[in-house]
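Right, one structure below, let's go through it.
The values are calculated or read from the model by the stated rules, or taken from the named source; none is laboratory data. Predicted model only: the values in this text are computed from it and were never measured. Ideal geometry is used to build each Cβ from the backbone, glycine not excepted, and the neighbour counts take in all protein chains shown. For the accessible areas, the whole protein counts, side chains as well, though only heavy atoms, and no ligand, DNA or RNA atoms are used. Shrake-Rupley method; radii C 1.70, N 1.55, O 1.52, S 1.80 Å.
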Amino acid sequence: MKLEIDQNRLLTELETLATFSDAEPPAVTRVVFTPIDLKAREWLIARCEEAGLTVRQDAVGNIFARWSGADPGAPAVGTGSHIDAIPNAGKYDGVVGVLGGLEALRALRRSGFRPKNSLELLVFATEEPTRFGVGCLGSRLLSGTLSAEAAGRLTDHDGESVEKVRRIAGLKGNLQDVKLPADYYKAFVELHIEQGPNLERSQKPLGIVTRIAAPASLHISVEGAGGHAGGVLMPDRRDALCAAAELILAIESAARSSGAVDSVATVGVCDVFPGAVNSIPSRVQLTVDLRDTELARRNSVMQAIESAIRTLSEKRHVAIHPEWLNADAPADCAPEVRAALSDSCRTQGFQFLEMVSRAYHDSLFISRIAPTGMLFIPCRDGYSHRPDEYASPEDIARGTLVLAAALARLSS
Ligand SMILES: [Zn+2]
């Protein structure tokens, strides 16, 4: 079997997909189920059909493009990622795994390979939390991590529910039917840009993921008492922002004192009400993003944050309401998928680094229902989620080649 990646075609498709955007190039903004995203999905489905794949969409908009194997009843071998993009993002996050996955299937076809298990490209819907506040909505539903009822009730900034938005987008069927049977996939592999600097630093062209870190996100509302900045004296104050400031530092210290560099906590949003120069802040909303590779350690940081909330609430006489939006478990990548990837690297003569994924991906959820692995390629300076995100054509083609070889191993 002679596998050859059509690098020019893959790059042209990547550039074309980047033109489906609501931002000025090189930035890409493609929020799920907006008119531009629907056009991009249509374009992608046409490319899959052109490649001879049989395409279906489920009720939440996950796209499946299948190449039937010699044993079509056997569990499939899947690959894929996402094409939605946060505002002002780049053109590689997710897209490399989708178009690379498509090119891997085309390369296998061109080589004369005939899979025993069906091979399937899966384009996950709503990986980014931009529109509905929860990331990986498609894969959470596929894996049964989130119930159809809870998913259908999520709303966007305009108050429109997932249920309504997806129906307007033309998606049929019921969200209850999105969940895949436990034996649907024999294996799943996601190709992705690293979104960090480790491959570049170690000068290795490929990364094989061993673990995917466990994310948790928290919304905190601090309620104090407002008033005139001149009229209310310091002993009488219940300043919500001062309490929030102490809490932010307590969150930082909770992550720092976990004893492991893998514990990370970020307060990325701090909304102050009323936000006037001469008015004492009466209300503050914070968001916390917490990640770790060990579930127990991540949970103990969560507890430390909750205990800081209780202490500060008493000390500063403010009401603090924490609401955990999600607290997912980490995932181990499957030994057989890691072996298929590392064997493929060795056969092709490529060095690789075994590494942890600190960003989370749809693979975190697919790993609940299928043996799953991830293959990383470098991205310049580790930049991602910004317009200057970049992966070289050679790295993209190399990742696609290793992916194709691994898919062949897993489906033989
Ligand atoms: Zn991604």
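Using a cutoff of 8 angstrom between alpha carbon atoms and counting only pairs six or more residues apart, the relative contact order for the range 1-71 works out to 15 percent. With the charge dipole of the chain set up from +1 on Lys and Arg Cβ and -1 on Asp and Glu Cβ about the Cα centre, the Cα lying farthest toward the positive end among the listed residues Ala339, Leu286, Leu99 is that of Ala339.
With each label modelled as a point 7 angstrom along the Cα→C-beta vector, the Glu306-Asn88 pair spans 3.6 nm.
For the range 191-290, the dipole from Cβ point charges (+1 on Lys and Arg, -1 on Asp and Glu) about the Cα centre works out to 160 debye, to the nearest 20. Could you work out how far helix 240-256 tilts from the main Cα principal axis of the chain, as a 0 to 90 degree angle to the nearest 10? Tilt relative to the chain: about 50 degrees. Within the chain, what percent of beta bridges assigned by DSSP are antiparallel, to the nearest 5? Bridges in the chain are about 65 percent antiparallel. Couplings 3J(HN,Hα) of the range 153-170, computed from phi: 7, 4, 10, 8, 4, 8, x, 7, 7, 3, 4, 6, 4, 6, 6, 4, 6, x Hz, in residue order, whole Hz [Karplus 6.51 cos²θ - 1.76 cosθ + 1.60, θ = phi - 60°; x for Gly and Pro]. Taking packing as the residue-averaged number of other Cβ atoms within 10 angstrom, the listed peptides 83-89, 221-227 run from highest to lowest as 83-89, 221-227.
Taking Lys and Arg as +1 and Asp and Glu as -1, the other residues whose beta-carbon sits under 12 Å from that of Arg30 total -2. Highest-first packing order for the peptide set 7-14, 310-317 is 7-14, 310-317, based on the mean count of other beta carbon atoms within 10 Å.
If the label point is 7 Å along Cα→Cβ of Glu294, which residues in the range 254-271 have backbone nitrogen under 17 Å from it? Under cut-off, by backbone N: 254-265.
Neighbours of Glu149, meaning other residues whose beta-carbon lies under 14 angstrom from its beta-carbon, give a summed charge of +1 when Lys and Arg score +1 and Asp and Glu score -1. Ranked by the mean number of other Cβ atoms within 10 Å of their residues, highest first, the peptides 337-345, 293-301 come out as 337-345, 293-301. Here the range 288-412 has 49 percent of its accessible surface on carbon and sulfur atoms, given a 1.4 Å probe and all protein chains in place. Taking Cα centre as origin and charging only the Cβ of basic (Lys, Arg, +1) and acidic (Asp, Glu, -1) residues, the dipole magnitude of the chain rounds to 760 debye.
Between Ser81, Gly52, Thr29, the Cα set farthest toward the positive side of the dipole of the chain (charges on each charged residue's Cβ, about the Cα centre) is that of Gly52. Round to the nearest 10 and give me the degree value, 0 to 90, for the angle of helix 35-50's Cα axis relative to the longest principal axis of the chain. Compared with the principal axis, the helix lies near 20 degrees. Each Lys or Arg adds one and each Asp or Glu subtracts one; over the other residues with Cβ under 15 Å from the Cβ of Lys2, this totals +2. Measuring nothing but how far apart in sequence close Cα pairs (under 8 Å, 6+ apart) lie, relative to its length, the chain scores a relative contact order of 23 percent. Note: the range 6-164, Cα convex hull, 103 Å³ per residue.
What's the angle, to the nearest 10 degrees (0 to 90), between helix 95-110's Cα axis and the longest principal axis of the chain? Tilt relative to the chain: about 10 degrees.
Computed with every protein chain present, the accessible area of Val269 is close to 60 Å² [probe 1.4 Å]. Contact order, relative form, for the range 291-378: 33 percent (alpha carbon pairs under 8 Å, 6 or more residues apart, mean separation divided by residue count).
About its Cα centre, the dipole of the range 73-179 is roughly 580 debye, where the only charges are +1 on Lys and Arg Cβ and -1 on Asp and Glu Cβ. Using just its DSSP H runs of length 4 or more, each adding -39500 (n - 2.57), the chain gives a mean residue ellipticity at 222 nm of -11000 deg cm²/dmol after division by all residues. Quick one: Debye curve from the alpha-carbon atoms of the chain only, equal weights, vacuum; give me log10 I(q)/I(0) at q = 0.09, 0.13 Å⁻¹ to two decimals. Result of the Debye calculation: -0.57, -1.10.
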